[in-house]
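The structure appears right after this line, and notes come after that.
The values are calculated or read from the model by the stated rules, or taken from the named source; none is laboratory data. Just so it is clear, the structure is predicted and the values come from calculations on it, not from any experiment. Counting neighbours? That spans all protein chains shown, and the Cβs are built from the backbone with ideal geometry, glycine included. What goes into the accessible areas is simple: the full protein's heavy atoms, side chains included, and nothing from ligands, DNA or RNA. Shrake-Rupley method; radii C 1.70, N 1.55, O 1.52, S 1.80 Å.
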Amino acid sequence: MATTCEREGCEAGLPVAGRGPVPRFCSTRCRVAAHRARRALPAELTQRDRWVRRDERKAPRTAAGGFASVTSPSTWTTHRAAAASPVGVGLGYVLAEGDGVVCIDLDHCLDGDTLAPWARALLDRCPPTFVEVSASGTGLHVWGRGEVERGRRIRRDGLAVEVYGRGRYIAVTGTRFEQAPAKLADLSEVLGTI
């Protein structure tokens, strides 16, 4: 049984538990900070004006409610403005030419907490980088840096991978997979093998 707070960087002891569940954090402040850190997005994404909203059908929308375009920067906004907008059901990030941001979309690889072997093999080849659970809850988005001249889809033997670097937007959930860091790593080597 743990005796110290689970929040990264906190070494405080846990309060004595009476009846009920064993505490995981030393205080409400640590519990809230740990929750926020788990949902934190990489600064490399939040500092760029590449954000849109998304509707129930995953269509990109502007923060004001109109339709957004992956080729029209005037329809994109800051992360702060997109996050504050009530439009649609969530956020999206536009992959734009020259950014160097890429996303590897692993479809239908999660069944509850069980990860498909082909997806685990791909993640094991990646350096520590931001990985989030997709909006469907059955896929993963592996975010990183690299160059993808042309997006591609690979579907064979249960494998379902899409690789994009521009001209697309990705629905962003912010729900980190396992212990993925909130940073983007160079995925160039991995991209060369997909």
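Couple of notes before you dig in:
- Sole exception among (1) over 12 Å from the mean Cα position of the chain (by Cα); (2) at negative phi; (3) part of a loop (DSSP other than H, G, I, E, B) for Thr129, by number: (1)
- Filter result (modelled with pLDDT of 70 or more, part of a loop (DSSP other than H, G, I, E, B) and under 23 Å from Ala180 (Cα atoms)) within the stretch 18-41: Arg24, Phe25, Ala40, Leu41
- Checking each residue in the stretch 48-79 for being under 19 Å from Val101 (Cα atoms), under 18 Å from the mean Cα position of the chain (by Cα) and open to solvent by 40 Å² or more (accessible area, probe 1.4 Å) picks out Arg48, Asp49, Arg50, Thr78, His79.
- Residue match in the stretch 103-118 (condition: surrounded by fewer than 19 Cβ atoms within 10 Å (Cβ to Cβ), within 17 Å of Ala171 (Cβ to Cβ) and not charged (D, E, K, R)): yes
- Any hit, the stretch 106-117, residues being under 26 Å from Ala68 (Cβ atoms) and either assigned to a strand (DSSP E or B) or touching a strand residue (DSSP E or B) at 6+ places or on another chain (Cβ under 6 Å) (or both): yes
- One residue from Ala182, Ala171 being within 22 Å of Arg54 (Cβ to Cβ), buried (at least 17 other Cβ atoms within 10 Å of the Cβ) and either basic (Lys, Arg) or out of contact with any strand residue (DSSP E or B) (no Cβ under 6 Å at 6 or more places or on another chain) (or both): Ala182
- No other residue among Ala82, Ala135, Ala63 is assigned to a helix (DSSP H, G or I), under 18 Å from Ala171 (Cβ atoms) and in contact (Cβ under 8 Å) with a residue 12 or more places away in the chain apart from Ala82.
- Options Gly137, Gly146: the member that is crowded, with 18+ Cβ neighbours inside 10 Å and at positive phi: Gly146
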